[in-house]
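In what follows, a structure is listed as structure tokens, so that the remarks can point back to it.
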Amino acid sequence: MDEDILRTVEKISGKLSRDCYYDLCCLVKAAIPRMPGTFSMETLYPEAQRYSEKEKDTLAKALSRAAEDIWDCGDRAELQKLFQRVLREKPTPKDLVRVLALSIWRRRKAVRPQVRYQVLETRHPRRFGFSGESWEPERHLVVLLPGREQAEVEQLVRRLNQRQIPIQEAEERFLNGEDLLPVL
């Protein structure tokens with residue numbers, strides 16, 4: 001399981017040894033790519049099932065147990081910090097999954113840019129291009145730019161990184177035959 005998710009759940013948890021916490025982590029992992037938007041629990045269960053190998057009903061019950069245990073035995077101050085407000089009543093299981101996923105998503109977004117581009121160089125013959133990578137959603141792009149000089153490609157990569165052009169947009173521009181340098 002993802003260490004960041006485990007640490008975040010551990011901060012608010014009650015009896016961490018309970019199996020329901022692993023299932024909560026699986027649901028949070030399935031929710032992170034959907035952030036900062038909303039989701040229905042019905043869409044999360046199939047993906048969470050791949051991680052936990054448990055049935056939807058079992059996951060739903062485990063999530064309810066985890067929410068109950070956090071409220072009854074967990075660190076209430078950490079829970080309120082996570083929700084960024086004073087909690088007068090137990091949060092719903094869905095709200096718990098969403099706030100955990102959103103917290104992790106925000107932390108990850110702050111740590112690394114949405115998109116990272118870098119210069120590529122082939123040896124024989126010597127040519128230049130670039131690669132791009134994004135994490136949410138996970139996408140990769142590799143483009144060889146025959147006839148371009150190293151300085152030109154380096155300039156393009158700097159601009160792509162500064163402007164955080166989404167991978168899909170860069171890919172569409174390239175496939176449509178648009179020259180990326182003048183556009184940026």
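The values are calculated or read from the model by the stated rules, or taken from the named source; none is laboratory data. Note that the coordinates shown come from a computational prediction; the quantities given were computed from them, not determined experimentally. Here Cβ is always computed from backbone atoms with ideal geometry, including for glycine, and neighbour counts include all displayed protein chains. Each accessible area value is taken on the protein alone, full model and side chains, heavy atoms only, with ligands, DNA and RNA left out. Shrake-Rupley method; radii C 1.70, N 1.55, O 1.52, S 1.80 Å.
Longest exposed-loop-site-free stretch of the chain, with trypsin sites (Lys or Arg not before Pro), DSSP loop and at most 11 other Cβ within 10 Å? Kindly include the intermediate steps, with their values, before the conclusion.
Details: sites that count: Arg85, Arg88, Arg123, Arg126.
With a cap of 11 other Cβ atoms within 10 Å, the longest stretch comes to 1-84.
How many percent of the accessible area of the chain is carbon or sulfur, using a 1.4 Å probe? Intermediate values should be presented prior to the final figure.
Details: 5080 of 10740 Å².
Carbon and sulfur atoms account for 47 percent of the accessible area of the chain.
Taking the chain as a Gaussian network, where each spring joins two C-alpha atoms under 10 Å apart, which residue of Thr122, Thr58, Thr43 fluctuates the most?
Among Thr122, Thr58, Thr43, the largest mean-square fluctuation in the Gaussian network model of the chain belongs to Thr122.
Quick check: net charge around Lys54, other residues with Cβ under 11 Å of its Cβ, Lys/Arg +1 and Asp/Glu -1? Spell out each step's value before the answer.
Working: positive: Arg50, Lys56, Lys61; negative: Asp19, Asp23, Glu53, Glu55, Asp57.
Charge balance in the 11 Å sphere: -2.
Taking Cα atoms, how many degrees apart are the long axis of helix 56-73 and the longest axis of the chain, rounded to 10 and kept between 0 and 90?
70
In square angstrom, rounded to the nearest 10, how much accessible surface does Ile70 have for a 1.4 Å probe?
Per-residue accessible area (Ile70): approximately 0 Å².
Using Cα atoms only, what is the angle between the long axis of helix 20-31 and the major principal axis of the chain, expressed in degrees (0 to 90) to the nearest 10?
Roughly 30 degrees between the two axes.
For segment 9-57, which GluC sites (Glu not before Pro) are both in a DSSP coil and crowded by at most 13 other Cβ atoms within 10 Å?
Working: sites: Glu10, Glu42, Glu47, Glu53, Glu55; in loops: Glu53, Glu55.
Passing both the DSSP loop test and the Cβ count: Glu53, Glu55.
Using 5 Å bins from zero, what percent of all Cα-Cα pairs in segment 54-161 falls into each bin?
That works out to 2, 10, 14, 13, 10, 9, 8, 6, 7, 7, 7, 5, 1, 0, in percent per bin.
Would you pull out the residues with amide H under 5 Å of Arg127's amide H, same chain only if 5 or more places away, H placed 1.01 Å from N?
Amide H to amide H, under 5 Å and 5 or more residues apart or across chains, Arg127 pairs with Thr122.
Obtain the radius of gyration and the Kirkwood radius of the chain from its C-alpha atoms and give Rg over Rh.
Working: Rg = 21.6 Å, Rh = 18.9 Å.
Rounded to two decimals, Rg/Rh equals 1.14.
Considering only protein heavy atoms, what per residue accessible area in square angstrom results for segment 13-78 with a 1.4 angstrom probe?
On a per-residue basis, 50 Å².
Check the straight Cα-Cα distances from Lys109 and name the lysines below 24 Å, setting aside those fewer than 8 residues away within the same chain.
Straight-distance partners of Lys109: Lys11, Lys29, Lys81, Lys94.
Throw me the Rg/Rh for segment 1-97, computed over C-alpha atoms with Kirkwood Rh, two decimals.
Working: Rg = 12.5 Å, Rh = 13.4 Å.
Checking Rg against Rh, the ratio lands at 0.93.
Could you give the accessible area per residue of segment 115-176, probe 1.4 Å, as a whole number in Å²?
Working: 4010 Å² over 62 residues.
Heavy-atom accessible area per residue stands at 65 Å².
Which residue fluctuates the most in the chain, going by a Gaussian network model with Cα springs under 10 Å, if the choices are Ser52, Ser64, Ser17?
Among Ser52, Ser64, Ser17, the largest GNM mean-square fluctuation belongs to Ser17.
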